[in-house]
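Novice: One structure coming up, written as structure tokens, with questions to follow.
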Amino acid sequence: MSEKSLDPQDWDTFRAEAQALLDHCIDQMQQAGERPWRPMPEDLQAQYSIGQGGDVMARLRRDVLPYHAGNTHPKYWGWVQGSGLATDVTAGMVTAVMNSNCGGRNHGANYMERAVIDWTRQKMGMPDTASGVLVTGTSQATVLGFAAARLRALGAEVRKTGHGEVQLTCYAGQGVHNATRKAMELLGIGSDNIRRVPLVDGQMDVAALRALVAEDRAAGARPFLVVGTAGSVDFGLFDDFNALADFTEEEGLWLHVDGAFGAWTRLAEPPYRGLSDGIGRADSIALDFHKWMYVGYDCGLVLIRDEAEQRAAFAARPVYLRGKSRGVASGDPWFCDYGVDLSRGNRALKVWLALETYGEAAFSAAITHNCELAKVMAAEVLGADHMALAMPPVSNVCVFTARADLNAAAQSELNTRIALDLQESGDAVFSTTMVGEVEMLRAAIVNHRSTKADIVSAVAAVAARASVLSAAE
Ligand SMILES: *Cc1c(COP(=O)(O)O)cnc(C)c1O
């Protein structure tokens with residue numbers, strides 16, 4: 001009977017091919033500035049179908065690597081897309097070779113994940129009673145935070161019985177990310193039970209929040225959760241976390257903070273650092289490493305203030321998963337008791353390697369620089385004919401229109417065309433967002449490769465495109 005292992009029959013060939021590919025990959029990363037997004041040719045799409053075989057190494061170089069999503073490019077500021085790190089290459093190699101399942105048991109990756117969580121907890125200013133688990137991203141972290149919040153409101157029974165007829169209500173600022181809606185839907189609470197709290201000076205109005213909570217209580221609903229935002233997706237705004245924590249402590253509500261990217265202002269220099277003051281008073285924080293800590297996709301984290309509450313919400317181990325006092329199944333805690341996933345990849349290693357290689361100070365400087373670049377962009381906009389800002393940037397997000405002198409519909413059409421044209425030409429990637437009636441250009445700078453010159457040339461490209469398109473009307 002022949003053996004069926006999938007290991008290479010010829011390790012020397014595998015080694016030579018892999019080493020050549022590694023060189024090619026490092027070249028591509030080094031040349032990130034010359035490689036903007038480009039659309040994938042249609043005939044190539046068919047070639048991805050399974051069963052083509054052939055010279056797979058050549059296909060990777062020719063047909064796969066060039067068609068990345070563009071976010072590695074220094075002039076990519078669309079949506080909120082992390083730019084990646086060279087350490088991701090080496091971390092990816094080590095991660096693949098170890099192939100750790102981080103759901104539990106006793107092995108190195110779990111200790112590393114604990115170290116990454118503990119470091120982040122300290123940076124956020126959460127007490128050492130807090131716990132956490134690495135997840136795909138803030139969307140999943142939000143679901144976990146809300147599930148723990150619900151358990152505090154209704155007790156552990158909710159895991160068995162569901163929340164039945166109780167009408168749970170949640171409160172979030174007008175600019176809250178869609179992840180809150182999805183989490184409310186997934187937990188069966190329903191997105192109609194999100195109350196949108198108006199903003200005053202870009203922050204949730206606590207007086208309005210208080211009134212909404214009182215109104216819902218009077219109507220028989222069960223307020224359970226306030227969602228603060230550290231870095232709103234449209235404008236990079238921050239709630240006042242001390243004010244929110246004072247309120248939620250007084251009212252016995254759970255405070256969750258969506259800090260997907262903005263939580264990392266904790267590492268920034270003043271004045272940006274102050275934006276997230278008080279975030280450590282939250283009951284849970286959802287954040288991403290793959291955005292403003294620049295590590296490769298995917299990696300997010302939920303932190304929960306009280307480890308007992310996290311375990312109460314998620315721990316459930318059938319007999320076959322019971323821990324042992326020694327051997328492979330020893331080790332504690334098991335991360336499967338802290339979230340949804342049983343089998344989990346090793347997301348910690350790339351974060352650990354980045355921090356150990358570059359040091360916290362380098363992240364601090366890059367994050368601060370991104371905020372400064374948003375200010376540079378704003379200054380360029382203000383200095384250009386006809387352009388205008390939606391508002392002065394607070395953190396790393398700059399939103400503007402190319403032609404404030406046109407009516408809303410014409411501005412929207414022009415801004416959208418400019419965004420798409422510059423994406424396709426490879427000059428720069430802006431996304432767009434609505435500001436009142438106007439669709440505007442938006443840059444969220446979570447890119448350690450961006451320079452001041454990149455910002456200046458991109459705004460100049462917007463101006464040039466605006467004049468070409470306006471002249472053509
Ligand atoms: C990106 C983002 C999310 C969702 O995070 P994912 O990592 O994409 O799941 C939630 N909130 C804000 C403010 C975001 O920017």
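Values quoted throughout were computed directly from the atomic coordinates according to the rules given, and no laboratory measurement underlies them. These numbers come from a predicted model, not from an experiment. As a convention, Cβ positions derive from the backbone with ideal geometry for all residues, glycine included, and neighbour counts pool all protein chains shown.
Novice: Dividing the convex hull volume of the alpha carbon atoms of the stretch 258-301 by its residue count, what do you get in Å³ per residue?
Specialist: 56
Novice: For K350, K324, which order do you get if you count the other beta carbons within 10 Å of each Cβ and list the fewest first?
Specialist: K324, K350
Novice: What Kirkwood radius, in Å to one decimal, follows from the Cα pairs of the stretch 217-347?
Specialist: Evaluated on the stretch 217-347, it is 16.9 Å.
Novice: Let me ask something else about it. Return the loop-located trypsin sites (Lys or Arg not before Pro) in the stretch 386-447 (DSSP other than H, G, I, E, B) with at most 13 other Cβ atoms within 10 Å of their own Cβ; answer none if there are none.
Specialist: Filter output for the stretch 386-447: empty list.
Novice: If you count the DSSP beta bridges with both ends in the stretch 149-265, what percent of them are antiparallel, to the nearest 5?
Specialist: Counting DSSP beta bridges with both partners in the stretch 149-265, the antiparallel share is about 20 percent.
Novice: Okay, moving on. Select from A230, W334, I285 the residue farthest towards the positive end of the dipole of the chain; place +1 on Cβ of Lys and Arg, -1 on Cβ of Asp and Glu, and compute about the Cα centre.
Specialist: Highest projection toward the positive end goes to W334.
Novice: Using all alpha carbons of the chain, what is the percent of pairwise distances in each 20 Å bin, ordered from the shortest bin to the longest?
Specialist: Whole-percent P(r) values from 0 Å outward: 22, 51, 25, 2.
Novice: Among L209, L144, rank each residue by its count of other Cβ atoms within 10 Å, from fewest to most, as a rough exposure measure.
Specialist: Neighbour counts put them in this order, fewest first: L209, L144.
Novice: For the stretch 298-315, take each phi angle, set θ = phi - 60°, evaluate the Karplus expression 6.51 cos²θ - 1.76 cosθ + 1.60, and give the result in whole Hz per residue in order, putting x for glycine and proline.
Specialist: Karplus values, whole Hz, x for Gly and Pro: 10, 6, x, 8, 10, 10, 10, 4, 10, 3, 4, 6, 5, 5, 4, 7, 10, 5.
Novice: Another question, if that's okay. Rounded to a whole number of µm²/s, how large is the Stokes-Einstein D of the stretch 366-473 at 4 °C and 1.567 mPa s, given Rh as the Kirkwood radius over C-alpha pairs?
Specialist: D, rounded to a whole number, is 95 µm²/s.
Novice: Once the convex hull of the C-alpha atoms of the stretch 39-94 is built, how many Å³ does it hold per residue, rounded to a whole number?
Specialist: Considering the Cα atoms of the stretch 39-94, their hull volume per residue is 132 Å³.
Novice: Over the stretch 106-180, calculate the relative contact order: mean separation of alpha carbon pairs under 8 Å at least 6 apart, over the residue count, as a percent.
Specialist: Relative CO of the stretch 106-180 lands at 25 percent.
Novice: Quick one: what are the phi-derived ³J(HN,Hα) couplings along the stretch 396-408, Karplus 6.51/-1.76/1.60 with θ = phi - 60°, whole Hz, x for glycine and proline?
Specialist: 10, 10, 10, 10, 8, 10, 7, 9, 5, 7, 8, 6, 4
Novice: Once you keep just the Cα pairs under 8 angstrom separated by 6 or more residues, what percentage relative contact order results for the stretch 170-297?
Specialist: It rounds to 21 percent for the stretch 170-297.
Novice: Tell me which residues come under 5 Å, amide H to amide H, from R222 once H is placed; ignore anything under 5 positions away on its chain.
Specialist: Under 5 Å from the amide H of R222 lie the amide H atoms of Q167, L168, T169, each far enough along the sequence or on another chain.
Novice: Taking a cut-off of 13 Å, what percent of all Cα-Cα pairs in the stretch 208-253 are separated by more than that?
Specialist: That tail contains 60 percent of the Cα-Cα pairs.
Novice: Would you calculate the convex hull of the Cα atoms in the stretch 292-412 and tell me its volume per residue in Å³?
Specialist: Hull volume normalised by residue count: 195 Å³.
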